[in-house]
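The values are calculated or read from the model by the stated rules, or taken from the named source; none is laboratory data. Since the model is a prediction, treat every value here as computed from it, not as a measurement. So basically every Cβ, Gly included, is an ideal-geometry build from the backbone, and we count neighbours across all protein chains shown. What goes into the accessible areas is simple: the full protein's heavy atoms, side chains included, and nothing from ligands, DNA or RNA. Shrake-Rupley method; radii C 1.70, N 1.55, O 1.52, S 1.80 Å.
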Amino acid sequence: MALRYISMRDFEELSGLHQESAQLLARWMPGGPLVAYEDFERYMTRFDGPVHEGFLICRRDTGAIVGRANVNNIIRGTHQSAMIGYSAYASTLGRGYMTEGLGLLVGHAFGEMGLHRLEANIQPDNAASLRLIKRVGFQREGYSPNFQFIDGAWRDHERWALTVEMTTA
């Protein structure tokens, strides 16, 4: 697997992945699928400043996109922390791509980005995502009722975190 920054030239491939995965993603992801160019353009503007970074997880052999991961709400200074969000796609599930890809994301966040702590917030019913975040080494820290508005309602989330020290223990 390889990790690379998302760009406007990824629209067509991502649009296809989002179309095939719209039903899968609707339950877990905020906002609609990125299938219209204008929506993708608007999404990409979030990466113009220092607070969000957008990445794609790609197969090293073909370059095909197999997942997406963001480092969001980056706080510098004494925190050096951020929240991560990620998604796989219907045609790429169950192959270990996201486990390896999130491992690369963690390495990049703690290395090149200089972060100390990452958090992930996951709906309690999203068993696949909970298994994934555990495999990557995150530990459950708490529960946040009505945490995020997704698919027409405020959804509870479990809060998971990982620090640099946890990756070297």
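Hey, can you tell me all the residues within segment 115-131 that are under 15 Å from residue 72 (Cα atoms) and either open to solvent by less than 40 Å² (accessible area, probe 1.4 Å) or in a strand (DSSP E or B) (or both)? Give the derivation first.
Start the filter on segment 115-131 by keeping residues that are under 15 Å from residue 72 (Cα atoms), which leaves 115-122.
Across segment 115-131, the qualifying residues are 115, 117, 118, 119, 120, 121, 122.
List pairs: first in segment 99-115 and touching a residue at least 60 places away in the same chain (Cβ under 8 Å), second open to solvent by 40 Å² or more (accessible area, probe 1.4 Å), Cβ under 8 Å, 6+ apart or cross-chain?
What qualifies is 101/3; 104/3; 105/3; 106/167; 108/3; 113/53.
Just one of 82, 69, 120 is in contact (Cβ under 8 Å) with a residue 12 or more places away in the chain and over 16 Å from residue 5 (Cβ atoms); which is it?
Numbers: 82 fails: over 16 Å from residue 5 (Cβ atoms); 69 fails: over 16 Å from residue 5 (Cβ atoms).
Of the residues listed, the single one that is in contact (Cβ under 8 Å) with a residue 12 or more places away in the chain and over 16 Å from residue 5 (Cβ atoms) is 120.
Taking segment 132-153, which residues are within 14 Å of residue 167 (Cα to Cα), among the hydrophobic types (A, V, I, L, M, F, W, C) and in a strand (DSSP E or B)?
Residues of segment 132-153 that are within 14 Å of residue 167 (Cα to Cα), as a first pass: 133-139.
When the remaining residues are screened for being among the hydrophobic types (A, V, I, L, M, F, W, C), the result is 133, 136, 138.
Within segment 132-153, no residue meets the criteria.
With respect to the numbered conditions (1) on the phi > 0 side of the Ramachandran plot; (2) open to solvent by 50 Å² or more (accessible area, probe 1.4 Å); (3) within 16 Å of the chain's Cα centre (by Cα), which one is the sole condition not fulfilled by residue 146?
(3)
Hey, any hits in segment 4-16 for a residue that's of a type in the set (A, V, I, L, M, F, W, C), open to solvent by 30 Å² or more (accessible area, probe 1.4 Å) and modelled with pLDDT under 95?
The answer is no, given that none of the residues of segment 4-16 is of a type in the set (A, V, I, L, M, F, W, C), open to solvent by 30 Å² or more (accessible area, probe 1.4 Å) and modelled with pLDDT under 95.
Return the residues of segment 73-97 that are open to solvent by less than 20 Å² (accessible area, probe 1.4 Å), under 21 Å from residue 158 (Cβ atoms) and not small (Gly, Ala, Ser); say none if nothing qualifies.
Correct list: 84 only.
Could you tell me which residue of segment 20-59 is nearest to residue 7 (Cα to Cα), considering only residues that are open to solvent by 70 Å² or more (accessible area, probe 1.4 Å) and in contact with a helix residue (DSSP H, G or I) (Cβ under 7 Å, 6 or more places away or on another chain)?
37
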